[in-house]
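Here the structure comes first, spelled out in structure tokens, and everything after it is commentary.
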Amino acid sequence: MSESEFVDDLADLVEKQFIRAWNEGARDVGVSPEQMTDIDLQERDDLILEQYNYIENYAAEIAQASRDGTSVAQYQARADMWANRYNEARDSARIYFSRGTGELFEWVLGPRNEHCRHCGTLAGIVARADEWDASGYRPQSEDLECRGFNCLCELQPSDKPRTEGGIPYIE
């Protein structure tokens, strides 16, 4: 497979999975794909386009490693990170479609034994979609101490009471 074929295939896969994740997140909060406006779809497409910035560099690094005769196994972990971006796109849609509704979401830790300081602090926090949106905190975010690479945390819809004091600021 040529480098350009790899880029095209990976870009197509990322696009399909982000669309699937966006639709799943929207459905989780009662919005069907048929109800989405052009503005909603542009928000989704912006998430997808952001990933395209990384695909060409990723392909170029793999191609260079192949030309140099070095192992490309190290690049598998980065592919796994893209798979984890599915969760990010789903959670983004949940928050996006819930802004202004008062819908509550809880930060739920992923199934790992250890968590970064940010995820550990946010675990169990229940806040409105608008509050999560304003805080900037998102599972899988590069802004977390863990950089989101292998973060399996989620923002799940919740019927628990809102956490008193809201979302803490974490330095």
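Read-outs throughout are calculated quantities, based only on the coordinates presented, and are distinct from any laboratory measurement. Note that this is a predicted model, so its numbers are computed, not measured. We place every Cβ from the backbone using ideal geometry, glycine too, and count neighbours over all the protein chains shown.
Between Asp45, Asp68, Asp91, the residue with the greatest mean-square fluctuation in the GNM of the chain (Cα pairs under 10 Å linked by springs) is Asp68. Between Pro157, Pro139, Pro111, the residue with the greatest mean-square fluctuation in the GNM of the chain (Cα pairs under 10 Å linked by springs) is Pro111.
Here the simple spin-label model places points 7 Å from the Cα toward Cβ, and for Ser32 and Asp68 these points are separated by 5.2 nm. Here Thr101 and Glu15 are evaluated by their C-beta separation; at R0 = 25 Å the FRET efficiency comes out at 0.35. With the simple spin-label model, which puts each label point 7 Å out from Cα in the Cβ direction, the Glu3 to Leu41 separation comes to 3.4 nm. For the chain, a/c is not less than 1.5, where a ≥ b ≥ c are the root eigenvalues of the C-alpha gyration tensor, and a/b does not top b/c. That puts it in the oblate class. Among Asp159, Asp133, Asp28, determine the one that fluctuates most according to a GNM of the chain built with springs between C-alpha atoms less than 10 Å apart. With Cα springs under 10 Å in the chain, the top fluctuation among Asp159, Asp133, Asp28 is at Asp159.
What shape does the stretch 34-109 have by the C-alpha gyration tensor, where a ≥ b ≥ c are the square roots of the eigenvalues, rounded means a/c under 1.5, and otherwise prolate means a/b greater than b/c and oblate the rest? Oblate is the answer for the stretch 34-109, as a/c is 1.5 or above yet b/c matches or exceeds a/b. Note that the stretch 76-171, at 20 °C in a medium of 1.002 mPa s, gets a Stokes-Einstein diffusion coefficient of 160 µm²/s from its Kirkwood radius over C-alpha pairs. The magnitude of the dipole of the chain, with charges of +1 and -1 set on the Cβ of Lys/Arg and Asp/Glu and taken from the Cα centre, is near 580 debye. Projecting the Cα atoms of Ile125, Val31, Tyr54 onto the charge dipole of the stretch 1-126, computed from C-beta unit charges around the Cα centre, puts Ile125 farthest toward the positive end. Qualifying GluC sites (Glu not before Pro) in the stretch 111-167, where qualification requires a DSSP coil assignment and no more than 14 other C-beta atoms within 10 Å, comprise Glu114, Glu142, Glu145, Glu164.
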